[in-house]
Amino acid sequence: MKIQRVLALLNPIAQMYDVEINILTLVDGWLQVDITSKKYGNLSKFINSSKQLLPTKLIATNNIVTYIIERLSKSAKKITFAESCTGGLLSYYFTKENGASKVLDGSLVTYSNDLKENWLAVEHAIIQEDGAVSSRVVEEMTEGALNVSSADYALSVSGIAGDGGGTQLKPVGTVYIGARSKDIHKEVHLKLNGDRNYIQHQSALYAIKMLINIDKEVFF
């Protein structure tokens, strides 16, 4: 949802319960709403009313990763990662939080093409035809990660974070992300603008967004 649309929906509720909202974009299509109580504000009623208005779009938490850990724990489900350009950043996001061991089955940082093939069973022909940074490769990375784990969900990331390595067809900031459950798999192609650190963190955040959207029954 766009910021203007969210403001139009939430501003009347904010006025009703005397709170102030500030909205910023985390990644494309994913917004963070910061709420501050005014003198007579009622934060809990604002949150409850907002969730009723947007039941499958709004998550009330101050830490999205701990929220995911709690939801996965409650559902007795696990997750695994297959990372390339993010170099383990997704794993770091989770392992720095308490309770990660209950839901994180493991993670593979397959930076080289050889390890993508040997650890994740990505087909050599696909890498040769499409390149390591491609939709078909991240699709196979998530499949491979599920196959070598006991996880219920897999996220994969392959991209060109820079500063070098880009081409005319695939410039720096080209990133492919895969998300897979036992029944569904999705891949997206991102074109990010920024330095290496920005591209890596945006890629990891977008992968987390895809995880949430791939199973709304668990996460909402």
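Just so you know, all these numbers are worked out from the coordinates, no wet-lab data involved. All figures in this text were calculated on a predicted structure; none of them were measured in a lab. As a convention, Cβ positions derive from the backbone with ideal geometry for all residues, glycine included, and neighbour counts pool all protein chains shown.
Side notes on the structure shown:
- Residues whose amide H comes within less than 5 Å of that of GLY106, counting only those at least five positions distant or on another chain, are PHE81 (H built at 1.01 Å from N in the peptide plane).
- For region 3-53, averaging the sequence separation of C-alpha pairs within contact (under 8 Å, six or more residues apart) and dividing by the residue count gives a relative contact order of 35 percent.
- Average 1/r across all pairs of distinct alpha carbons in the chain, invert it, and you get the Kirkwood radius: 18.5 Å.
- Arranged from fewest to most other beta-carbon atoms within 10 Å of their beta carbon, ASP34, ASP28 become ASP34, ASP28.
- Protection-proxy order for peptides 173-180, 14-21, each taking the mean of Cβ atoms within 10 Å per residue, highest first: 173-180, 14-21
- Each peptide in 101-107, 124-130, 155-161 receives the mean, over its residues, of other Cβ atoms within 10 Å, and ordering these scores from highest gives 155-161, 101-107, 124-130.
- The angle between the Cα long axis of helix 3-16 and the longest principal axis of the Cα atoms of the chain comes to about 30 degrees, rounded to the nearest 10.
- Close amide H partners of THR174, meaning residues 5 or more places away or on another chain with modelled amide H under 5 Å apart, are ILE160, LEU192.
- The Rg/Rh ratio of region 1-67, with Rg taken over Cα atoms and Rh as the Kirkwood radius over Cα pairs, comes to 0.94.
- Links that overshoot a 28 Å alpha carbon limit, given the list LYS74/LYS182; LYS2/LYS116; LYS38/LYS77; LYS39/LYS209: LYS2/LYS116; LYS38/LYS77; LYS39/LYS209
- For region 64-219: relative contact order, % (alpha-carbon pairs under 8 angstrom, 6 or more apart): 23
- With contributions of -39500 (n - 2.57) from each DSSP H run of at least four residues, the per-residue ellipticity at 222 nm computed over the chain stands at -13000 deg cm²/dmol.
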